[in-house]
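Below you'll find the structure, written out as structure tokens, and then a few comments.
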Amino acid sequence: MDGHDEEIVVKLLSQDPANYADAPIEGIRRILEKATGKTFPRDQKLTTADFSNVSIRMGTTVATNALLERKGERHALLITKGFKDALRIGTQSRPKLFALNIQRPDVLYEDVVEVDERVTIEDYQQNPTPDKDSLQKALQSDACLKMGVSGEVIRVLEPLDETSTRQSLQQLYEKGYRSIAVSLVHSYTFQDHEPAIEKIAKEIGFTQISLSSQLLPMIKMTSRGASATADAYLTPVIQRYIEGFRSGFKDGLSSADTRCEFMQSDGGLASFEKYVDNYQEFKE
């Protein structure tokens, strides 16, 4: 803060509803009072308009706590038909090889929808020195062949059945789901079907749609699916937390002179705007 070089340390309980509604807001309020000598009433929203170059850096365990306590967003998984239990089975790794009582962690999603669609890697792609001209001719002559983003040739065995997918998504919506994770076979390279599902889900009204092809475009559906379900489970929690924090400021931290960043798991900082792009829809 301009003109104030003294280090101010304030320690608060993360939850103390009898004294304040939000610990970070209360901490900032007390710091402002000590730094300026002015009074900032608890029943009034804070403003940073009187200060220039305000920087707020937040470190929170809200996502970690939600994961450990299993208090994330209720969501469903959409996966290629025939792979309903793929994420529950996992990699079948056994850290304790000779343990007789295997304690397997439960999945984060509550429901599963098997999507009618199927693609596969074309068999002649195993050739380390493919004839490029032959590949191009094959792509032009066979409508079922597509070029994946990884350069692999994909055969669409079964196009996405949008009608049945819409029906399944509508049923999930009527059950109260607003968050879904999507993980399809080979979507790391053939990414057409997952965005198509996202489009349908948005039309129905889903507010959190986590696509494995966008979050972790890598081989191995199990890993991609785990990332997608974690995102669908935790992102709404983070969004609500940040929106609650922003609501303590008159301008919602929208001032050009105010910079608010949240620490990520890798130690880096990211603007709060990264997490709240779609939050307004969650208020409904």
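The values are calculated or read from the model by the stated rules, or taken from the named source; none is laboratory data. In this text the structure is predicted, and so the values were computed from the model without any measurement. Methodologically, a virtual Cβ is constructed for each residue, glycine included, from the backbone with ideal geometry; neighbour enumeration extends over all protein chains shown. Please note that ligands, DNA and RNA were not included when accessible areas were found on the heavy atoms of the full protein model with its side chains. Shrake-Rupley method; radii C 1.70, N 1.55, O 1.52, S 1.80 Å.
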Fill in the blank from the handout: Residue set Phe190, Phe206, Phe262; condition crowded, with 17+ Cβ neighbours inside 10 Å, in a loop (DSSP other than H, G, I, E, B) and within 17 Å of the chain's Cα centre (by Cα); output residue Phe206
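Could you list, in sequence order, the residues of region 52-90 that are β-branched (Val, Ile, Thr) and touching a Lys or Arg at 6+ places or on another chain (Cβ under 8 Å)?
Step one: list which residues in region 52-90 are β-branched (Val, Ile, Thr), which gives 54, 56, 60-62, 64, 79-80, 89.
Hits for region 52-90 are Val54, Ile56, Thr80.
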Problem - Residue selected from region 133-159 under the condition hydrophobic (A, V, I, L, M, F, W, C) and open to solvent by 50 Å² or more (accessible area, probe 1.4 Å), by the criterion modelled with the lowest pLDDT - result: Ala143
Fill in the blank from the handout: When restricted to Ala201, Ala181, the only residue open to solvent by less than 30 Å² (accessible area, probe 1.4 Å) and either in contact with a Gly (Cβ under 8 Å, 6 or more places away or on another chain) or not in a helix (DSSP H, G or I) (or both) is Ala181
Practice task
Name, by its number, the condition in (1) under 26 Å from Ser213 (Cα atoms); (2) open to solvent by 30 Å² or more (accessible area, probe 1.4 Å) that does not hold for Asp251.
Solution key: (1)
Fill in the blank from the handout: Exactly one of Tyr233, Tyr241 is in contact with a strand residue (DSSP E or B) (Cβ under 9 Å, 6 or more places away or on another chain), among the aromatic types (Phe, Trp, Tyr) and open to solvent by 10 Å² or more (accessible area, probe 1.4 Å), and that one is Tyr233
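Name the residues in region 216-226 that are free of Cβ contacts under 8 Å to residues at least 60 places away in the same chain and crowded, with 17+ Cβ neighbours inside 10 Å, would you? Steps first, answer last, please.
At the first step, the residues of region 216-226 found to be free of Cβ contacts under 8 Å to residues at least 60 places away in the same chain are 216, 218-220, 223-224.
Correct list: Leu216, Ser223, Arg224.
How many of the residues in region 194-215 are touching a Pro at 6+ places or on another chain (Cβ under 6 Å) and without any contact (Cβ under 8 Å) to a residue 60 or more places away in the chain?
0
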Exercise for the section: Sort out which residues of region 34-65 are closer than 22 Å to Ser255 by Cβ, hydrophobic (A, V, I, L, M, F, W, C) and in contact (Cβ under 8 Å) with a residue 40 or more places away in the chain, and write them in order of number. Expected result: Leu46, Ala49, Phe51, Val54, Ile56, Met58
